[in-house]
Amino acid sequence: MASYPRSGIYNVIYGILRALALGCILTTLWGQGDFRWRDVTQELGITTPNRLPLSGRYRLPELFTGHAVPFDFDRDGDLDLLLTHGPYVADSLYSGLNHLFRHDDTAWVDISAASGLSRFPPAGNAAVGDVDGDGYLDLYLCLFGSDLLLRNNDGRFWTDITASMGLRNDSWATDAVFFDANHDGYLDLYVANYVDYPSGDTLICIDPKTRQWTYCDPLLYDPAPDRLFVNDNARGFHEMTAEMGMADTTSRSLAVELLEANGDGYLDLFVLSQGTPNLMYLSRSDSGFVEAGLFSGVALAPDGSIPDWSQVQVFDADQDGHSDLLFTGREGRIQLLLNDGQGLFFPGHYQTGLFHPRFPYRATTAAATDLDFNGTIDLLLADHREAVRVMEAADTASVDTSMAVREPYSGVEQFTPRRILLHDAQHYLPLTSLEVPMLLDTILLRPRVTVMAEEDTGFGTVYEEVSGPFPFPLEPGEDPLSLITSDLTTESAMGAMTDSVMVGDERALIDELPRSVVLDTIHVRQEAERYIMVDLTGDGVREVIATYSAGLYRVWKRELKRSPRFIGIWPQTERPGTTIIGAELQITMGRILHRIIVTDPNPILLYSPRRLRAVDVMVHWPDGLENHYRTSMLNRVYTLTRVEQEPEAGAEY
């Protein structure tokens with residue numbers, strides 16, 4: 001066979017292809033350093049709230065962890081951080097479990113006691129908003145029991161104003177949002193309630209396979225209706241759930257999210273429910289709402305079944321300027337619903353590349369943010385398959401009050417790595433092959449009390465109480481055996497542990513029975529069950545605040561080889577009767593136009609892959625006023641103060 005020399009055009013094309021391939025390889029290698037995070041929790045001085053011990057009665061609230069809530073507590077221009085403990089059945093008996101960290105220059109100071117927060121019961125979640133128009137963000141604590149509204153007194157301390165403001169919600173609240181429901185300029189409050197769960201619950205559920213106690217299905221409990229409280233010009237709140245068209249009694253609400261669903265300029269509400277159809281409340285111009293979950297396509301799963309989703313992310317997945325919904329579930333199933341701009345949602349896996357025929361995407365939590373700093377929204381996913389190395393117990397055949405220590409188990413687990421989905425030029429989300437190690441890796445101690453009972457006591461032959469992870473993770477390099485020997489072998493310490501796992505009538509029933517206390521040394525390696533991404537340190541790069549099912553928090557910071565080009569937009573208003581929640585921002589950065597609806601009081605970060613001559617911002621306030629701002633300086637956060645009279649054209653920030 002004859003051979004022919006390569007033509008000049010062929011050589012040119014071949015050279016271009018080689019250069020492109022080399023460029024892709026170098027870009028990937030360069031980008032790997034940009035997709036690494038390190039744990040800076042201790043470096044920032046942030047400590048995790050101690051988890052209360054489990055009751056051993058498998059109470060449903062024990063399955064819920066707390067939330068991280070970043071906001072500016074003292075109005076000094078940087079974000080502070082609230083870490084809640086999580087709901088607890090006997091919440092009125094415990095305090096000091098929620099923690100507030102104030103950002104002072106480079107240090108983070110725990111001001112929980114100084115601000116008066118430590119006086120209040122452990123919260124499962126919280127919402128922030130300026131309810132009285134004084135410029136300081138107030139706090140609503142979602143509790144298992146009676147919720148609390150705390151007034152922010154000049155960024156110094158909290159005051160309980162729940163009763164004086166006419167608020168009363170005695171149901172189990174899982175989430176809440178502040179927004180202007182009746183368009184009068186004052187923030188109203190929507191509270192999402194879960195189930196009607198009595199504090200003295202006696203319902204016992206048995207696992208049919210193990211024949212052991214287990215947590216009962218939430219569907220066995222009646223739903224607790226959500227509530228809407230309308231703010232009467234900062235003088236008080238009045239419940240107007242039915243009057244505003246929100247009198248639904250079927251939802252076991254897990255979360256509530258603000259979004260602008262149908263393009264009318266008013267904020268709408270999406271309510272994520274468990275075991276019942278989701279709710280979509282569309283705002284009407286006459287200060288009311290209409291429930292349109294079925295009509296909009298978000299009430300059920302695309303196949304018509306009741307969805308089993310546990311979390312929802314609101315973000316613009318296809319970059320068309322409309323809010324889309326990304327759902328994740330406890331089993332790792334993902335569902336993306338795209339918004340057509342008229343309030344109708346449809347499956348968007350194929351349009352966005354979120355579907356893979358051989359390796360389906362799985363995630364139990366997700367965070368939407370610009371990871372590669374190119375001006376588009378990407379996804380950070382985690383598949384929360386909890387992996388725990390439980391130490392094998394020593395042989396404790398005798399029943400007495402001595403303590404046995406479990407030795408480490410040498411098994412090796414396989415963990416699913418984090419996955420990063422980056423938007424490309426066609427708004428697809430292809431999977432990257434980079435691992436993002438944000439695993440919780442720590443040692444916990446768990447006391448386990450085993451009670452031997454007689455047959456006629458009604459407990460059976462063995463009655464076991466487990467208190468769960470003991471509230472002190474070990475520091476890196478610390479020997480758990482020395483800690484046990486030095487701190488936990490005293491009689492008083494053992495008695496305290498025994499009391500902690502047996503409360504109320506339970507303790508009275510089995511107090512006289514012989515017991516043995518075993519300390520389980522647990523090596524915990526977990527993926528996060530929730531992500532919050534926010535710029536805590538003020539350097540223009542968002543940190544990841546991860547919540548783990550062990551009840552611990554970690555703050556992860558990016559390791560970057562070069563700083564991105566960014567601009568921070570922080571709209572604020574100091575005029576009573578006006579709010580930033582619901583304001584529409586139109587931000588022009590070169591050839592890119594961002595349309596953003598403000599749903600929380602924190603700053604907005606935007607990135608640009610190239611140099612910009614100027615950035616234009618048009619703020620359309622909820623009451624119709626428009627302000628125009630312009631700057632040529634990047635890499636800083638700008639506070640956009642509401643101006644009652646439009647400044648001259650071309651005025652700088």
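Taking a label point 7 Å from the Cα of ALA247 along the Cα→Cβ vector, which residues of the range 279-305 have an amide N closer than 17 Å to it? Backbone N within reach: 288-292.
Extending 7 Å from Cα along the Cβ direction at ASP134 and again at ARG611 yields two label points whose distance is 4.8 nm. By a 1.4 Å probe calculation restricted to protein chains, CYS142 has an accessible surface near 0 Å², given to the nearest 10.
Taking other residues whose beta carbon is less than 9 angstrom from the beta carbon of ASP160, and scoring Lys, Arg as +1 and Asp, Glu as -1, yields +2. Once the Cα-Cα distance is subtracted from the 0.36 nm per residue extended length, the THR106 to LEU219 segment shows a gain of 36.0 nm. Each Lys or Arg adds one and each Asp or Glu takes one away; over the other residues whose Cβ falls under 11 Å from the Cβ of LEU429, this sums to -2.
The values are calculated or read from the model by the stated rules, or taken from the named source; none is laboratory data. Since this is a predicted model, take the numbers as computed values, not measurements. No Cβ is skipped: glycine too gets one built from the backbone with ideal geometry, and neighbour counts run over all protein chains shown. Only protein heavy atoms, including side chains, enter the accessible area calculation; ligands, DNA and RNA are left aside. Shrake-Rupley method; radii C 1.70, N 1.55, O 1.52, S 1.80 Å.
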